[in-house]
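To start, the structure under review is shown below, and the notes come after it.
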Amino acid sequence: MIYSSIGAGAGEAKRTDASILRQTFDLAAKRTPQPQAFEMESRMITYALDGKRLSTDIFRLHLKCVPARVTGKDADEYTCTKFTLQLAGAPEVELPAMKDWTYRFAPASEKGPVFGIDHTQFEKLVDAKGQPVPADKAYHVYNAFIDFHAFCNVFAEPATGGKGIQDLKTIGQKIVHAAAFTEAPVNLGSSVKEGSTFKNGEVTLEFKGLSLEDDIACASVAYDSGESSFRMVVTPMPNLEVRTVGSSHYKGDIHVDLATRWVRKATMNEWVVTETTVPTLTNKINAVVERNLVIRNVTPKAGE
Amino acid sequence: MRAHRILPVVILALTGSTICLAAGQSKRPDDSILRQTFDLAGPRSVQVQVFDMETRVITYAPDGKRINTDVLKLKLKCTPARVTGKEADEYTCLKFTLQFGNNPEVAVPAVAHWTYLFKNTASGLDEKGQMFGIDHAKFEKLVDANGQAIPPDKAYYVYNAFIDFHGFCNVFAEPTQGGKGIQDLKSMGQKIVHAAAFTEPPVNLGSNIEKGSTFKNGEVTLELKGLGLVDGAACALVGFDSGQSSFQMVVKPMPNMEVRAVGASHYKGDLYLDLATRWVRKVTMDELVVAESTVPALPNKMSAVLERDTVIRNVTAKAGE
């Protein structure tokens, strides 16, 4: 019992055998070629200006990944097995258009839509009850896929053209990521116009330590967006152009399986402050939004 | 011959010390330390500790622009009761500096070398109704080293730096009375609702902030997230999260003027707890504050969005203690 309980008595200051913490790590090698299943939940809290939490929207994405080395195709294939919305306390409802939709993941460096995600899939979304999904909520459906790949691929896989997870070798190390100060397009189909962009601040990755997720040893890597900002131009009607500017600060942890290199869990907390100008309104519309996100790897373990 | 014998040993040493294997192998490293039972609640070792704390307060404009950053720096020494023979740990503020916006950093002489006994009661309040035994009088009519008066809202930040320090390094990082706390985190991944959850401590301060001002915690949680290394010391990595918190404050900037502020807070961060000494080695904290103030003389309410980022570092070794 004494041996298995870490933490020495007062005054003893006994050091435990923590040699694993002092090892050199390689977090950037290829992932094992097994299909993976993920569940992602994103909670979006809207604040009133007096701090009251007005509403919470919940987006739930179930995503399956079949690696290219399994399919023999040129890229990892992702299938959305389920997507549900729960808006402001209303019952959870599914989006039939997303169910069993498959796409091939494309790295951010490639031309074409961001991460290979087809915009047309998010046009005129309706829920399982036949209700149209409002344009701003449909954007968050799209953004769920973007978030997923940002955390599970951009941050959790080696970066090209700059520093990335491949440079984190020892616990405590911190780097400025290749994504720092980049300005990515955030346009989407006919609802969010081209020229809409998200500008990252000084994005950092830090090797915080080791964790245990679902009984699997993981590297715990923190990311931090730094002082980020964005601008969006939305045309809800042909002659109406709504402009939104704002700031974002997002940060969280990624737990990378030390044996398979797949992400076992990721968390994210984001604060967004925005101002929207609508030509037909005299006053600008201000909003403060908090987003909390958890991604869990729910792939059955061998033998399950 | 000698070179041939040494080379494989070097290769073995290199490959052996790099954790993570080639794709497809999926071999598990020796991670038994992660599966141990932990005791994070025993008494701390009997050594004097020195801490540096830095808090950055970022003010957002309504359009999201970051319009101002204030930086507060606190250097604090703790002499344990078992060293002094007193009834409580003794804290000495070695230095406190402020930097408002782009102005130069300036010291606050009134709190330099100020000593107090930390009182960790179940409610957090001492016999005078003051949090943690921190004397409110110390923060009345503060002036900086240039002789400039520190505005009441900024003076509150000075006071709050001490409250934050003890909130993280004592309330969260030491065992609790009357509810769950760090003593209940025994294995990796465990998460508990902390005794501080849903409590509503007072946040009044001297003549500036009236009694009845309170901060209401949400569902405060602690989670044993992992193991880390800070300055070479193996640490338990414990996450804390305030849940959906809120506050109300009544400020009297002038005798006949009462300003009321209400708002929301969400703070979260990590504690790094030295596995050998149980002293805090590092703390990180981020907080979002959304507030609205009602000033009787103004027709419109005033809204504010703030972000606070805090880092506490144990600098005992550097301080030569």
Specify the angular offset, from 0 to 90 degrees and rounded to the nearest 10, of the alpha carbon long axis of helix B:2-16 from the longest principal axis of the alpha carbons in chain B. 40
Using the alpha-carbon atoms, what tilt in degrees (0 to 90, nearest 10) does helix B:152-166 show relative to the longest principal axis of chain B? 30
Note down the relative contact order for the stretch B:30-319 as a percent, whole number, built from C-alpha pairs under 8 angstrom at least six residues apart. 17
Any of B:K95/B:K128; B:K65/B:K268; A:K208/A:K251; A:K82/B:K268; A:K52/A:K251 with alpha carbons more than 19 Å apart? Name them for me. B:K95/B:K128; B:K65/B:K268; A:K82/B:K268; A:K52/A:K251
Applied in sequence order to the stretch B:69-76, the curve 6.51 cos²θ - 1.76 cosθ + 1.60 (Karplus, θ = phi - 60°) yields integer Hz couplings, x standing for Gly and Pro, of 10, 9, 10, 10, 10, 10, 10, 10
Based on a Kirkwood Rh over C-alpha pairs, give the Stokes-Einstein translational diffusion coefficient of the stretch A:225-302 at 20 °C and viscosity 1.002 mPa s in µm²/s. 139
Under 8 Å for C-alpha pairs, at least 6 residues apart: give me the relative contact order for chain A, rounded to a whole percent. 16
Just flag the GluC sites (Glu not before Pro) in the stretch A:148-207 sitting in loop per DSSP whose Cβ has no more than 14 other Cβ atoms within 10 Å. A:E194, A:E202
On the Cα set of chain B, report Rg and Dmax in Å, please. 22.9, 93
Once label points are set 7 Å from the Cα along Cα→Cβ at both B:S207 and B:Q177, what is their separation, rounded to one decimal in nm? 3.4
Using amide H atoms built in the peptide plane, which far-off residues or other-chain residues are under 5 Å from B:V220 H to H? B:H194, B:A197, B:F198
In vacuo Debye scattering of the stretch B:209-275, one point per C-alpha: log10 I(q)/I(0) at q = 0.11, 0.23, 0.25 Å⁻¹? -0.45, -0.90, -0.97
In chain A, once you exclude exposed chymotrypsin sites (Phe, Trp or Tyr not before Pro) (DSSP loop, at most 16 other Cβ within 10 angstrom), what's the longest stretch remaining? A:4-180
On C-alpha positions alone, give me the angle between the axis of helix A:135-149 and the longest principal axis of chain A, in degrees, nearest 10. 20
What share of Cα pairs, in percent, lie more than 14 angstrom apart in the stretch B:273-313? 64
Run the Debye formula on the Cα coordinates of chain A, all scatterers equal and no solvent, and tell me log10 I(q)/I(0) at q = 0.09, 0.14, 0.16 1/Å. -0.50, -1.14, -1.45
Equivalent-ellipsoid semi-axes of the stretch B:223-321, from the Cα gyration tensor, Å, largest first: 39, 16, 9
Any residue on another chain or 5+ positions along whose placed amide H is under 5 Å from the amide H of A:Q173 is listed here as A:F207
Which whole-Hz couplings ³J(HN,Hα) result when phi for each residue of the stretch B:271-284 is put into the Karplus expression 6.51 cos²θ - 1.76 cosθ + 1.60, θ = phi - 60°, listed in order with x for Gly and Pro? 10, 10, 10, 4, 5, 8, 9, 6, 6, 5, 9, 6, 9, 10
Near the amide H of B:K282, under 5 Å away, which other amide H atoms are found, from residues 5 or more places off or on another chain, if H is placed in the peptide plane? B:Y272, B:N314
From the P(r) of the protein assembly as shown, could you give the percentage of C-alpha pairs in the tail past 30 Å? 58
When the expected Rg is taken as 2.2 N^0.38 Å, what fraction or multiple of it is the alpha-carbon Rg of the stretch A:126-183? 1.65
Final fewest-first order of A:L49, A:L258 on the 10 Å Cβ neighbour count is A:L49, A:L258
Starting at the first residue of the stretch B:206-222, write each ³J(HN,Hα) from the Karplus equation 6.51 cos²θ - 1.76 cosθ + 1.60 with θ = phi - 60°, in whole Hz, x for Gly and Pro. x, 8, 7, 10, 6, 4, x, 6, 9, 10, 9, 5, x, 7, 6, 10, 10
Three principal axis lengths of the stretch B:50-171 [C-alpha, angstrom, descending]: 51, 30, 26
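Bear in mind these aren't lab numbers, they're just calculated from the coordinates by the rules spelled out. Computed from a predicted model, the values in this text were never measured in an experiment. Every residue, glycine as well, gets a Cβ built from its backbone with ideal geometry; the counts of neighbours run over all protein chains shown.
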